[in-house]
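The values are calculated or read from the model by the stated rules, or taken from the named source; none is laboratory data. In this text, all values refer to a predicted model and were calculated from it rather than measured experimentally. Heads up, the Cβs are rebuilt from the backbone with ideal geometry, glycines too, and the neighbour counts pull from every protein chain shown. In case anyone asks, the SASA skips ligands and DNA or RNA and just uses the protein heavy atoms, side chains included. Shrake-Rupley method; radii C 1.70, N 1.55, O 1.52, S 1.80 Å.
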Amino acid sequence: MIGPSSAPSLALESALRAELATGERVLWSAQPRADRLKAGFGIWLFALPWTAFSLVWTALAMMPWLVTTQTPEPVKWSFGIVFPLFGLPFIVIGFAMLWSPIRAMRQAGSTLYALTDRRLVRLVLTGKREFASVLLDQMGPIDRKQNADGWGNLRIQTHSRVDGDGDRITERFDVLGVPDVARLERLILEHRKA
């Protein structure tokens, strides 16, 4: 049964069918929408000035190399090489921030969440197939965040453990940016009891 406004592509549907066990039934499935995910285009409000400043600063740092007047050689080598190299990581960070919403859109288009009568599944088809699932009886408490239109996120605790430092780490299975998230939660609770 497919969620509203989230019909998965044929490639995702066939990849999901290939992952199902014999007799396993799909109760709910949906694709997330990028505009419903946390990584929205709001980051561009910070990334655009960051990247512009980094590019301008690096270009200005290269000025001793670009100006062919009487710039002394030690100044050319120290400022003309070191300062532009110092600016490169900031440019890379800026472009990574600019790319992150686009990457989220692309990943949302190749992600499928599904609830079967046995488990909750996340399937991502990018250059490679990524598959993760959690059995219904391994699920703990569920946190739901839902918008007025029914789209939202589920965070499901799967287990917790203590790391080498003695800190408690809680493992979660996240279902992000999907429609009719309250229905998905109800289906999980109903089938978990069964």
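For L60, L120, L88, L187, the ranking by accessible surface with the largest value first comes to L60, L88, L187, L120, using a 1.4 Å probe. Projecting the alpha carbon convex hull of segment 76-134 along each direction and taking the average yields 6.0 nm².
With every protein chain in place and a 1.4 angstrom probe, the accessible-area ranking of V121, V82, largest first, reads V82, V121. Gyration tensor analysis over the Cα atoms of segment 128-177 returns equivalent ellipsoid semi-axes of 24, 15, 11 Å (largest first, whole Å). Histogrammed with a bin width of 5 Å, the alpha carbon distances of segment 83-194 distribute as 2, 10, 15, 16, 15, 13, 11, 7, 4, 2, 1, 1, 0 percent, first bin at zero.
Taking the protein heavy atoms of segment 89-143 in the context of the full set of protein chains, the accessible area attributed to carbon and sulfur is 58 percent at 1.4 Å.
Summing charges over all other residues whose Cβ lies under 12 Å from the Cβ of Q107, with Lys and Arg as +1 and Asp and Glu as -1, gives +3.
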